[in-house]
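Enquirer: For reference, the structure I am asking about is given below.
Just so it is clear, none of the values below were taken in a lab; they were calculated from the coordinates. Keep in mind the model is a prediction, meaning the values are calculated, not measured. Glycine gets a Cβ as well: all are built from the backbone with ideal geometry, and neighbour counts include every protein chain shown.
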């Protein structure tokens, strides 16, 4: 960490300004000589674009408040200073970043009326949008690195477990769990809005764990691990379109 700590950064979006009040990653990324700084700049631009809609600005504010409503100053402090609760907050922030990247992808693929949705007493997907006179529901799920790896980073700074050659089974179970969860959210929205024809999209943002990276000898993605046919079969079985991404590693 640099000695000259950046005490504040002039974010343009309200979303990043609010995250900067408590998020370790947001507060410290500008101390690092890595591409992470460019990544945060891009997220700030995306969030500012989303906030041109007052509804989206409000929904993003609520999403941030659901992550944390406290103020914490982590500037210049090592990640190992975070406890389990704080680290869970960081994981939720990264999941919100995945939603912002999906929002940007939707714009770039000519979707319109893109609206963030905040869960209430009914399960709902993350985003609702339109294209070619069809309504699309979009659920974003981030498959994060295992929590034991996070714990290792917080304590001794290394991961000493042996490589888990059965990691595929755990990742596949997580994928199916996410599909079932997304299905419940899609069905709930259909019932609430009495909609007829609509399209369902599930975006899986994959953060490869150490086991995955070591076994694949590369920056592995879900298509590499399971193959295209695996996801084609899931698309047909669950009647939704599944996209695999790697927005954040």
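Enquirer: According to a simple spin-label model (label point 7 Å from Cα along Cα-to-Cβ), what is the distance in nm between residue 113 and residue 20?
Expert: Each label point lies 7 Å from its Cα, and together they span 3.5 nm.
Enquirer: Run the numbers for residue 85 and residue 133: contour at 0.36 nm per residue of separation, minus the present Cα-Cα distance, in nm. Display every interim value, and only then the final one.
Expert: Details: separation 48, 0.36 × 48 = 17.28 nm, distance 4.32 nm.
This chain segment gains 13.0 nm when fully extended.
Enquirer: Another one. Suppose we keep just the alpha-carbon trace of the range 7-120; what are its Rg and Dmax in angstrom?
Expert: Over the range 7-120's Cα set, Rg and Dmax evaluate to 14.1, 43 Å.
Enquirer: Applying 1/(1 + (r/R0)^6) with R0 = 22 Å to the Cβ-Cβ distance of residue 9 and residue 221, what FRET efficiency is obtained, to the nearest 0.05? Working shown, then result.
Expert: On the way: r = 31 Å, r/R0 = 1.40.
The pair residue 9/residue 221 has a calculated efficiency of 0.10.
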